[in-house]
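**Student:** The structure is given below, and queries will be raised subsequently.
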Amino acid sequence: MATRITEKAEARRANKDRRPQAIAKYIRISPSKVRIVLNTIRNRSYVEAVAILKNTPKRASEIILKVMNSAAANAENNLDMSKNELFVAEAFADEGPTLKRFRPRAQGRGFSIMKRTSHIRVILDSMNDDTKEA
């Protein structure tokens, strides 16, 4: 029997992360390829990260740019923050479900092909004197 349901729910709401974020799920690109681009924009200001993503010749940069713009829109509309005061606090790509396929090879054999998917999450935060890096 469940006990203290309302108290637990209130505690979860009180501890909820209030930073603007956006998630893209089931993206058909390998998480390792996405992480290469995410590592270049982590801990940078929003404006600088967008400039980097627009000039990066990787396929993952378009997808990450969409997620960043979505997180910035969430910050403006839901939390009344300005895009100029935001920076990329956290950015990570988790592994989604893998599609398993087979390719025919010589002498009747079949080689497996793993088509990987990613869940991309970008969390922004406002720049304060304490959190701003030199």
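**Student:** Going by what's in this entry, would Val47 be described as of a type in the set (A, V, I, L, M, F, W, C) and under 14 Å from His119 (Cβ atoms)?
**Tutor:** Working: of a type in the set (A, V, I, L, M, F, W, C): yes; under 14 Å from His119 (Cβ atoms): no.
Judged against the criteria, Val47 is not a match.
**Student:** Looking at Lys66 and the list (1) in contact with a helix residue (DSSP H, G or I) (Cβ under 9 Å, 6 or more places away or on another chain); (2) in contact (Cβ under 8 Å) with a residue 24 or more places away in the chain; (3) outside any loop (DSSP other than H, G, I, E, B), which single condition is not satisfied?
**Tutor:** Condition (1) is where Lys66 drops out.
**Student:** Mind counting the residues in region 15-37 that are in a helix (DSSP H, G or I) and among the hydroxyl-bearing types (Ser, Thr, Tyr)? Reasoning before the result, please.
**Tutor:** Initially, region 15-37 is screened for residues in a helix (DSSP H, G or I), giving 31-37.
From what is left, the residues that are among the hydroxyl-bearing types (Ser, Thr, Tyr) are 32.
Result for region 15-37: 1.
Rundown of residues vs (1) over 25 Å from Met127 (Cβ atoms); (2) more than 15 Å from the chain's Cα centre (by Cα); (3) surrounded by 15 or more Cβ atoms within 10 Å (Cβ to Cβ), yes/no style:
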site	(1), (2), (3)
Pro20	no, no, yes
Ile23	no, no, no
Asn39	no, no, no
Val50	no, no, yes
Pro57	yes, yes, no
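**Student:** Restricting to region 1-14, and then to whatever is part of a helix (DSSP H, G or I) and either of a type in the set (Val, Ile, Thr) or touching a helix residue (DSSP H, G or I) at 6+ places or on another chain (Cβ under 9 Å) (or both), can you tell me which residue is nearest to Glu76 (Cα to Cα)? Steps first, answer last, please.
**Tutor:** From region 1-14, those part of a helix (DSSP H, G or I) are 5-14; that's our starting set.
Right, trim to either of a type in the set (Val, Ile, Thr) or touching a helix residue (DSSP H, G or I) at 6+ places or on another chain (Cβ under 9 Å) (or both) and you get 5-6.
Working: Ile5: 33, Thr6: 31 Å.
Looking at the filtered set, the residue picked out is Thr6.
**Student:** Now, a different point. Report every pair of residues separated by at least 6 positions or lying on different chains whose Cβ atoms are under 8 Å apart, first residue within region 6-35 and more than 14 Å from Val67 (Cα to Cα) and modelled with pLDDT under 95, second acidic (Asp, Glu) and not in a loop (DSSP other than H, G, I, E, B).
**Tutor:** If the second residue must be acidic (Asp, Glu) and not in a loop (DSSP other than H, G, I, E, B), the pairs left are Arg19/Asp125.
The values are calculated or read from the model by the stated rules, or taken from the named source; none is laboratory data. From a predicted model like this one, the values you see are computed outputs, not experimental measurements. So basically every Cβ, Gly included, is an ideal-geometry build from the backbone, and we count neighbours across all protein chains shown.
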